[in-house]
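Written out below as structure tokens is the structure these notes cover.
The values are calculated or read from the model by the stated rules, or taken from the named source; none is laboratory data. This is a predicted model, so every value here is computed, not measured. No Cβ is skipped: glycine too gets one built from the backbone with ideal geometry, and neighbour counts run over all protein chains shown.
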Amino acid sequence: MPLKLGAYTACLHDRPLVDALDVLRDNGLQSVEVNTGGFLPAPHCPVDLLLSSSRARDDYLATFAERGMELTGLNCNGNPLDPLPGVGPKHAHDLRRSIELAGLLGVRTVVTMSGTPGSDPDAKYPSWVVNPWDGVYLDVLDYQWGVAVEFWKDIDALARAHDVRVAIEMHPHNLVFSPVTLTRLVEATGAANLGAEMDPSHLMWQGMDVAACIRHLGPLVFHAAAKDAALCPGVDVRGVLDSSFARVPADAPEKVPTGIGYWCGAWPSDPAWKFVAVGVGHDTAYWTRFLAALAEVDPDMPVNIEHEDADYSRVEGLARSAATLHAAAADL
């Protein structure tokens with residue numbers, strides 16, 4: 001089978017690792033990505049134990065090997081540049097530990113986000129600038145890029161020391177949210193071990209040609225996610241840059257943390273776009289072209305499903321996505 005098809009296990013955090021792996025194996029998947037900190041907890045990866053014990057690392061890797069599976073990535077998505085004291089320092093610490101652990105485990109890739117600083121040295125909150133037609137926002141970007149370059153030079157050096165590549169998800173609300181900004185970060189830092197995690201979903205709703213993005217980045221694409229997105233009727237009046245989100249009630253059963261005291265917001269009832277199971281937003285032929293473009297960069301690249309479609313259960317959505325990926329791979 002071309003490429004390594006698998007899944008990111010965050011959608012299965014409601015069950016133990018071995019049960020999550022059985023779900024993946026039942027869907028014909030072999031590649032596995034687990035969370036190690038940042039925005040999400042790490043129920044499938046005991047980071048402290050694995051950092052401290054070579055025996056625990058051997059046993060952990062055996063859990064995957066016994067099922068014919070491979071741990072291909074550690075995921076530490078967060079905002080390591082956030083000025084909030086309960087967010088940025090913790091996420092940066094989690095990222096450094098994830099890189100160290102990946103090196104010890106022999107896992108080649110750590111997935112993360114570039115982060116977003118505040119607008120100036122005294123800012124309390126992160127500030128995302130997307131359309132700096134007013135020159136004051138160019139000043140903001142100059143400051144933010146200065147912060148980011150200093151941080152990511154240090155992270156690149158750490159990654160090189162541990163023989164690990166850091167794959168940055170091009171995610172809105174981050175300084176790096178497109179191939180252009182990803183390339184800018186790599187060039188500004190002179191990095192050897194920083195590249196892209198190719199999650200197509202965020203590029204889709206921004207209106208980009210995903211295959212063209214892959215070819216633009218070329219060898220800077222280190223790792224890939226299989227995640228679909230679809231535009232909705234709400235886009236007619238909202239556009240894709242929409243701030244109509246609401247606070248999640250304090251007693252909500254599945255609040256997703258973003259930092260100490262902060263949570264993911266609730267989507268509007270008629271969104272401009274949404275995440276969907278692989279194959280719902282784009283057909284199998286589209287995903288064949290996606291896989292073909294990735295194979296041009298690295299025929300052995302991991303492609304891990306990230307299931308976030310609320311219209312499907314955890315297992316159903318994963319199965320729907322896996323079926324599409326297998327069909328797309330068969331057409332290569």
> Of everything in the stretch 281-332 that's basic (Lys, Arg) and surrounded by fewer than 21 Cβ atoms within 10 Å (Cβ to Cβ), which residue is modelled with the lowest pLDDT?
Replying inline: Arg314
> How many of the residues in the stretch 52-71 are in a helix (DSSP H, G or I) and surrounded by 14 or more Cβ atoms within 10 Å (Cβ to Cβ)?
Replying inline: 6
>> Out of everything in the stretch 23-51 that is β-branched (Val, Ile, Thr) and in contact with a Cys (Cβ under 7 Å, 6 or more places away or on another chain), what residue ends up being nearest to Cys76 (Cα to Cα)?
In response: Thr36
>> With the requirement that a residue be more than 22 Å from Gly195 (Cβ to Cβ), exposed (fewer than 14 other Cβ atoms within 10 Å of the Cβ) and under 26 Å from the mean Cα position of the chain (by Cα), what does the stretch 103-127 give you?
In response: Lys124, Tyr125
> Only one of (1) in contact with a His (Cβ under 8 Å, 6 or more places away or on another chain); (2) in contact (Cβ under 8 Å) with a residue 60 or more places away in the chain; (3) not β-branched (Val, Ile, Thr) fails for Cys76. Which number is that?
Replying inline: (2)
> In the stretch 202-222, which residues are more than 14 Å from Leu291 (Cα to Cα), in contact (Cβ under 8 Å) with a residue 40 or more places away in the chain and not hydrophobic (A, V, I, L, M, F, W, C)?
Replying inline: Pro219
>> Quick check on my filter: what residues within the stretch 263-285 are over 11 Å from Leu231 (Cα atoms), of a type outside the set (Val, Ile, Thr) and in contact (Cβ under 8 Å) with a residue 40 or more places away in the chain?
In response: Ala277, Gly279, Ala285
>> Scan the stretch 232-251 and tell me whether some residue there is surrounded by 15 or more Cβ atoms within 10 Å (Cβ to Cβ), in a loop (DSSP other than H, G, I, E, B) and either among the basic types (Lys, Arg) or touching a residue at least 40 places away in the same chain (Cβ under 8 Å) (or both).
In response: yes
> Name the residues in the stretch 80-95 that are of a type outside the set (Val, Ile, Thr) and over 26 Å from Ala20 (Cβ atoms), would you?
Replying inline: Pro80, Leu81, Asp82, Pro83, Leu84, Pro85, Gly86, Gly88, Pro89, Ala92
> If you go through the stretch 82-92 one residue at a time, do you hit one that is buried (at least 24 other Cβ atoms within 10 Å of the Cβ) and either within 19 Å of Leu104 (Cα to Cα) or in contact (Cβ under 8 Å) with a residue 40 or more places away in the chain (or both)?
Replying inline: yes
> Is at least one residue of the stretch 281-299 under 23 Å from Leu217 (Cα atoms), in contact with a helix residue (DSSP H, G or I) (Cβ under 7 Å, 6 or more places away or on another chain) and part of a loop (DSSP other than H, G, I, E, B)?
Replying inline: no
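Collect the residues in the stretch 216-227 that are in contact with a strand residue (DSSP E or B) (Cβ under 9 Å, 6 or more places away or on another chain) and either in a helix (DSSP H, G or I) or more than 22 Å from Gly6 (Cα to Cα) (or both), keeping them in residue-number order. Working first, answer last.
Pass one, the stretch 216-227, residues in contact with a strand residue (DSSP E or B) (Cβ under 9 Å, 6 or more places away or on another chain): 217, 219-227.
Within the stretch 216-227, Leu217, Pro219, Leu220 meet the criteria.
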